[in-house]
Amino acid sequence: MQIPFNKPYLTGKETHYIYQAVQSGKISGNGMFTQKCQQFFSDHFGFKKCLLTTSCTDALEMAAMLCRIEPGDEVIMPAYTFVSTALAFVRQGAKIVFIDSLSDRPGMDEDKIEERITSKTKAIVVVHYAGVACDMDKVMAIANTHKLFVIEDAAQAIDSYYKGRALGSIGHLGCFSFHETKNIQCGEGGLLSINDEQFINRAEILWEKGTNRNEFFRGEVNKYGWVDIGSSFLPSDLLAAFLYAQLESLTDIQNRRKEIWNWYNQNVDILFSGFKFSKPIIPDFASNNAHMYYLVCESPEERTRIIAYLKERGIMSVFHYLGLHKSNYYKGIYDGPELPNCDRFEDCLVRLPFFYELDTETIANLII
Ligand SMILES: *Cc1c(COP(=O)(O)O)cnc(C)c1O
């Protein structure tokens with residue numbers, strides 16, 4: 001393949017900051033670069049508190065623990081999402097209530113949430129697919145009426161907005177990913193954003209293996225010990241150093257990605273004139289953080305044809321999620337309705353190569 005689907009971008013300063021971290025002699029978690037990253041996120045996106053994690057999966061696990069999800073609880077989320085969205089809650093014993101996608105885009109159909117709420121429902125997890133916001137006013141209104149927690153799986157949604165508000169700052173908790181396939185990356189990494197103050201103290205404890213180590217270092221207690229459940233959710237400061245280099249280039253990275261996204265959007269009709277598909281839809285309330293560019297083909301056969309057409313020209317394209325309700329792990333447990341829109345995106349959506357250094361001219365020359 002001449003053009004891969006993804007190629008992680010390096011700003012050039014990553015190794016410089018890692019070197020600094022090594023020189024400082026402190027490379028365990030919650031060091032100087034971790035704090036710089038957390039400060040950056042709070043300043044830029046208005047999170048009340050944030051904690052770096054080793055992945056978005058970890059941030060989701062922390063969210064499930066913070067909401068005290070227990071066996072018997074039900075958690076509502078879309079079926080068209082990554083495994084971790086569900087897994088974090090399943091580990092706590094939750095039953096997952098999967099909701100269908102919208103008809104015109106892969107995001108969750110917010111109008112189907114309320115009918116699935118029962119006395120056991122504890123939380124709604126929204127996924128901002130492709131960095132495009134869910135209708136958060138609708139979701140928060142439902143959650144307020146039924147006293148539910150809202151967790152935003154914002155893994156793909158860094159620097160994206162709903163009616164001007166940063167994604168990850170609207171629900172009670174937000175979870176981001178810095179996996180190498182995301183806009184800003186450090187190989188493996190994540191962030192928990194905390195917007196409801198009631199969670200802040202406990203989040204720090206869960207983060208630090210169930211100890212009150214943070215209170216100790218702030219001088220609030222004179223010794224620290226085991227006070228709650230938790231795990232080792234915090235990354236080494238080496239990874240934070242890498243991530244900080246990326247954050248310094250956030251504007252540049254985002255500008256380039258938006259150029260690529262707009263180029264695709266203006267040119268796919270010509271590039272794929274022999275195929276039947278529709279383009280991504282971005283509602284008025286949502287911004288576009290240029291996380292991915294996808295086409296929704298008219299049929300599975302049409303998708304197979306596009307993927308083969310690109311492959312012949314040295315260009316890698318890939319489909320995306322298999323509906324979690326039909327996964328090997330969950331299909332025996334799932335007892336909800338058919339989810340036809342989710343099935344259609346599973347069968348018909350194809351993602352085109354998308355990364356900072358993508359050369360759109362080469363793509364155009366290869367295709368035409
Ligand atoms: C990437 C992704 C995750 C997992 O992120 P990790 O950092 O790899 O754990 C979770 N949810 C969604 C929607 C994702 O795109």
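The values are calculated or read from the model by the stated rules, or taken from the named source; none is laboratory data. Note that this is a predicted model, so its numbers are computed, not measured. Please note: Cβ atoms are built from the backbone with ideal geometry, for glycine as well, and neighbour counts cover all protein chains shown. Ligands, DNA and RNA are excluded from the accessible area calculation, which covers all protein heavy atoms including side chains. Shrake-Rupley method; radii C 1.70, N 1.55, O 1.52, S 1.80 Å.
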Conditions (1) out of contact with any Asp or Glu (no Cβ under 6 Å at 6 or more places or on another chain); (2) crowded, with 20+ Cβ neighbours inside 10 Å: number failed by THR304: (2)
Lone unmet requirement of (1) charged (D, E, K, R); (2) away from the ligand (no atom under 16 Å from the Cβ); (3) open to solvent by 20 Å² or more (accessible area, probe 1.4 Å) for LYS182: (2)
Test: LEU52 is part of a helix (DSSP H, G or I) and within 15 Å of the ligand (Cβ to nearest atom): no
Neighbours by Cβ (under 6 Å, 6+ apart or cross-chain): first from the stretch 326-344, in contact (Cβ under 8 Å) with a residue 12 or more places away in the chain; second open to solvent by 30 Å² or more (accessible area, probe 1.4 Å): ASN341/SER103
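Which members of the stretch 109-135 meet the condition of being under 14 Å from the mean Cα position of the chain (by Cα) and of a type in the set (A, V, I, L, M)? Walk me through how you get there before you give the answer.
So the first thing to find is which residues in the stretch 109-135 are under 14 Å from the mean Cα position of the chain (by Cα), and the list is 125-134.
Once the filter is applied, which keeps residues that are under 14 Å from the mean Cα position of the chain (by Cα) and of a type in the set (A, V, I, L, M), the stretch 109-135 yields VAL125, VAL126, VAL127, ALA130, VAL132, ALA133.
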The listed residue being under 19 Å from the mean Cα position of the chain (by Cα) and at pLDDT 95 or above, out of LYS138, LYS182: LYS182
The stretch 105-131 - residue that is part of a helix (DSSP H, G or I) and open to solvent by less than 30 Å² (accessible area, probe 1.4 Å) and, of those, nearest to the ligand (Cβ to nearest atom): TYR129
The stretch 185-194: number of residues that are part of a loop (DSSP other than H, G, I, E, B), buried (at least 24 other Cβ atoms within 10 Å of the Cβ) and more than 9 Å from the ligand (Cβ to nearest atom): 1
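Within the stretch 55-69, how many residues turn out to be among the polar types (S, T, N, Q), open to solvent by 30 Å² or more (accessible area, probe 1.4 Å) and outside any helix (DSSP H, G or I)?
Restricting attention to the stretch 55-69, the residues satisfying the condition of being among the polar types (S, T, N, Q) are 55, 57.
After this cut, where a residue has to be open to solvent by 30 Å² or more (accessible area, probe 1.4 Å) as well, the list is 57.
Then drop every residue that is not outside any helix (DSSP H, G or I), which leaves none.
Summing the residues that are among the polar types (S, T, N, Q), open to solvent by 30 Å² or more (accessible area, probe 1.4 Å) and outside any helix (DSSP H, G or I) in the stretch 55-69 gives 0.
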Residue satisfying condition, being within 16 Å of the ligand (Cβ to nearest atom) and touching a residue at least 24 places away in the same chain (Cβ under 8 Å), within set VAL75, VAL22: VAL75
Evaluation of LEU52 against (1) under 18 Å from the mean Cα position of the chain (by Cα); (2) of a type outside the set (S, T, N, Q); (3) at positive phi (one fails), failing number: (3)
Failed item in (1) surrounded by fewer than 18 Cβ atoms within 10 Å (Cβ to Cβ); (2) farther than 19 Å from LYS48 by Cα; (3) modelled with pLDDT of 95 or more, with GLU197 passing the rest: (2)
Boolean, LEU167 is open to solvent by less than 30 Å² (accessible area, probe 1.4 Å), in contact (Cβ under 8 Å) with a residue 24 or more places away in the chain and within 11 Å of the ligand (Cβ to nearest atom): no
Test: residue in the stretch 225-247 that is free of Cβ contacts under 8 Å to residues at least 24 places away in the same chain and open to solvent by less than 60 Å² (accessible area, probe 1.4 Å): yes
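Looking at the stretch 156-178, which of its residues are among the small types (Gly, Ala, Ser) and farther than 11 Å from VAL125 by Cβ?
If we filter the stretch 156-178 for residues that are among the small types (Gly, Ala, Ser), which is where we start, we get 157, 160, 164, 166, 168-169, 171, 174, 177.
Passing the criteria: ALA157, SER160, GLY164, ALA166, GLY168, SER169, SER177.
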Residues satisfying the stated conditions in the stretch 254-275, i.e. loosely packed, with under 13 Cβ neighbours inside 10 Å and assigned to a loop (DSSP other than H, G, I, E, B): SER273, GLY274
Of residues in the stretch 81-104 being among the hydrophobic types (A, V, I, L, M, F, W, C) and within 12 Å of the ligand (Cβ to nearest atom), the one nearest to ASN341 (Cα to Cα): PHE82
